[in-house]
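Data block below; observations after.
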């Protein structure tokens with residue numbers, strides 16, 4: 001094995017900033033390479049044994065009750081099941097992040113291939129872990145930024161992300177430490193974040209709220225109200241979505257036949273009939289109703 005190491009002195013601390021490995025003796029990688037770190041050979045029994053012992057220590061001694069698995073494209077999802085079986089977490093989610101489908105620089109309406117890759121990884125774990133719904137985040141970006149809210153319904157009239165196919169394993173999100181914050185690799189359209197939260201906090205899946213949006217923004221009270229509303233109406237990861245409208249300037253849906261939501265500048269009012277609708281929450285370009 002050969003390695004090249006670059007040391008960088010930062011505030012008097014010696015840091016390894018570049019490590020490259022050539023001619024390693026492990027088996028071929030079961031996933032994509034991530035050049036910021038060497039591969040771990042999960043196919044080796046002794047490697048998995050060490051990882052499980054370490055995870056059990058974190059679980060039992062430190063008090064971790066769930067796992068956030070980074071760059072899961074880097075190894076076969078079947079190994080995840082082994083780790084989940086050994087540690088029995090309350091919650092586990094993997095980050096399977098790759099590019100959505102584009103044609104000549106414009107996002108395709110049909111993102112089935114993209115969400116299928118995420119579903120394939122979840123299947124490889126036999127459903128023992130969920131996955132971040134990167135598809136939904138990407139579609140929300142395009143819909144809100146370009147005022148193309150029709151994108152929020154797929155060709156079968158269902159939500160276009162993982163949440164439309166396997167909602168109980170979809171972890172929806174607006175922003176995270178990679179996409180926003182100090183890194184800013186894929187920021188949500190500015191000023192439209194609450195539309196994103198109005199969507200994910202009223203829809204199925206398991207929504208994740210970004211730390212910065214609670215503690216470093218003016219969104220705290222609005223997000224708290226949405227969370228309380230979700231809990232009060234018992235919206236859950238398998239709740240049923242009926243999309244009422246997906247037009248250029250507005251998206252609207254009814255969830256579990258008891259709440260209605262619209263996002264976008266366009267007009268929508270849920271139809272009164274057997275159910276009577278009353279406004280519950282409202283913000284910039286979003287509105288939510290509850291039935292009685």
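Scanning region 113-136 for residues that are in a helix (DSSP H, G or I), in contact (Cβ under 8 Å) with a residue 40 or more places away in the chain and either over 17 Å from the mean Cα position of the chain (by Cα) or crowded, with 17+ Cβ neighbours inside 10 Å (or both) yields 115, 118, 119, 121, 122, 124, 136. Residues that are buried (at least 20 other Cβ atoms within 10 Å of the Cβ), in contact (Cβ under 8 Å) with a residue 12 or more places away in the chain and at positive phi are absent from region 183-195 altogether.
Filtered by the rule that a residue be within 18 Å of residue 170 (Cα to Cα) and touching a strand residue (DSSP E or B) at 6+ places or on another chain (Cβ under 9 Å), region 231-242 gives 235, 237, 239, 240, 241, 242. Residues in region 262-274 that are modelled with pLDDT of 95 or more and out of contact with any helix residue (DSSP H, G or I) (no Cβ under 6 Å at 6 or more places or on another chain): 262, 265, 266, 267, 268, 269, 270.
Among residues belonging to region 101-112 that are out of contact with any strand residue (DSSP E or B) (no Cβ under 8 Å at 6 or more places or on another chain) and assigned to a loop (DSSP other than H, G, I, E, B), point out the one that is surrounded by the most Cβ atoms within 10 Å (Cβ to Cβ). For region 101-112, the residue satisfying everything is 111.
In region 137-144, the condition of being at positive phi, under 17 Å from the mean Cα position of the chain (by Cα), modelled with pLDDT of 95 or more and crowded, with 20+ Cβ neighbours inside 10 Å is met by no residue.
You will find that of 209, 250, the residue that is modelled with pLDDT of 95 or more, under 23 Å from residue 180 (Cα atoms) and in contact with a helix residue (DSSP H, G or I) (Cβ under 9 Å, 6 or more places away or on another chain) is 209 and no other.
The values are calculated or read from the model by the stated rules, or taken from the named source; none is laboratory data. This is a predicted model, so every value here is computed, not measured. Note that we place each Cβ from the backbone using ideal geometry, even for glycine, and neighbour counts take in every protein chain shown.
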